[in-house]
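> Quick one: the structure is below, and I'll ask about it shortly.
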Amino acid sequence: MYGHNHTTMPKYNTIEKKEKDAPYRLLLRPELVDELYEKIQQKLVLEKKYLDPEYSAKQLALDLSTNTRYISAVINLRFQQNYSSLVNELRIRDALYLLIDHRYAEQTVEEISAMVGFASRQSFYAAFYRVKGMTPKEYRQHNMKMKPKKVKE
């Protein structure tokens, strides 16, 4: 276009932040890693704190009476990702079901995004694309199975 050679930029930023090597990881006792891992599972997964867009690693550390460095280290060791990636993965997992569940067919993609804890449409689309390689709307259209309508007798 206009005589210039334009390269197209990717639609969504799919590059995850790399976790830097942290010497404090080596200082964590295996028993502490196990204990914090269980507590993180309890708070984030079982209590579904990931649904709260305001729930941060700092708040998780406060709730578990520890610090964010330990939270970060345990998440990196046990989940092989950072806090944000873990939370987004849990949110996307919920969104995958809601987007194709007929009970939520009338909900917009943006409403489902808010239901699973994303604060913005852009962050939802970027995280979703990173996990599924397609937009939430494309996923919904591709996977929504139409139920046959019952015929009145």
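All of the numbers you see were taken from the coordinates with simple rules; none came from a lab. Note that the coordinates shown come from a computational prediction; the quantities given were computed from them, not determined experimentally. Here the Cβ is made from the backbone with ideal geometry for all residues, glycine too, and neighbour counts use every protein chain on show.
> Taking the criterion of being assigned to a helix (DSSP H, G or I), touching a residue at least 60 places away in the same chain (Cβ under 8 Å) and surrounded by fewer than 19 Cβ atoms within 10 Å (Cβ to Cβ), would at least one residue in segment 62-83 satisfy it?
No, segment 62-83 contains no residue that is assigned to a helix (DSSP H, G or I), touching a residue at least 60 places away in the same chain (Cβ under 8 Å) and surrounded by fewer than 19 Cβ atoms within 10 Å (Cβ to Cβ).
> Tell me whether segment 108-121 contains one or more residues that are touching a helix residue (DSSP H, G or I) at 6+ places or on another chain (Cβ under 9 Å) and at positive phi.
Yes, there is a match, as at least one residue in segment 108-121 is touching a helix residue (DSSP H, G or I) at 6+ places or on another chain (Cβ under 9 Å) and at positive phi.
> Phe118 fails exactly one of the following numbered conditions: (1) under 21 Å from Tyr139 (Cβ atoms); (2) touching a residue at least 40 places away in the same chain (Cβ under 8 Å); (3) assigned to a helix (DSSP H, G or I). What is the number of that condition?
(3)
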